[in-house]
Amino acid sequence: MKRGNTLENRIRKKQEKVNRYISLHGIGNTEELLELSRELDVLILSWLKKKRVSDKI
C-alpha cells in the first residue's frame, strides 16, 4: 500500500512542478514543458495500471 501512496505523491509533486512552470513561463510549446508533461503522463499511466491490477485482485 505504501508503494501506491509513493506513486501518488510523485504524481502530485510532478503536477505541482508543471503548474509552477506554467505560472512562471506561461503555456507554450517549449521542450521543457513537453518533457515535464511526458513525465507526468508516464506516472499517471503507471498509477492507472497498478490501480486496474489491484481492482482485479
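Out of the residues in the range 48-57 that are more than 14 Å from residue 8 (Cβ to Cβ) and part of a helix (DSSP H, G or I), state the one that is most open to solvent (accessible area, probe 1.4 Å). In this case the residue turns out to be 56. Summed over the range 27-42, the residues that are open to solvent by less than 100 Å² (accessible area, probe 1.4 Å) and either of a type in the set (Phe, Trp, Tyr) or within 9 Å of the chain's Cα centre (by Cα) (or both) give a count of 6.
When we screen 7, 24, 45 for residues that are open to solvent by less than 80 Å² (accessible area, probe 1.4 Å), on the phi < 0 side of the Ramachandran plot and of a type outside the set (Val, Ile, Thr), the only hit is 7.
The values are calculated or read from the model by the stated rules, or taken from the named source; none is laboratory data. Just so we're clear, the structure is a prediction, and the values are computed from it rather than from any experiment. Note that each Cβ is placed from the backbone with ideal geometry, even for glycine, and that neighbours are counted across all protein chains shown. These accessible areas exclude ligands, DNA and RNA; they are computed on the full protein's heavy atoms, side chains included. Shrake-Rupley method; radii C 1.70, N 1.55, O 1.52, S 1.80 Å.
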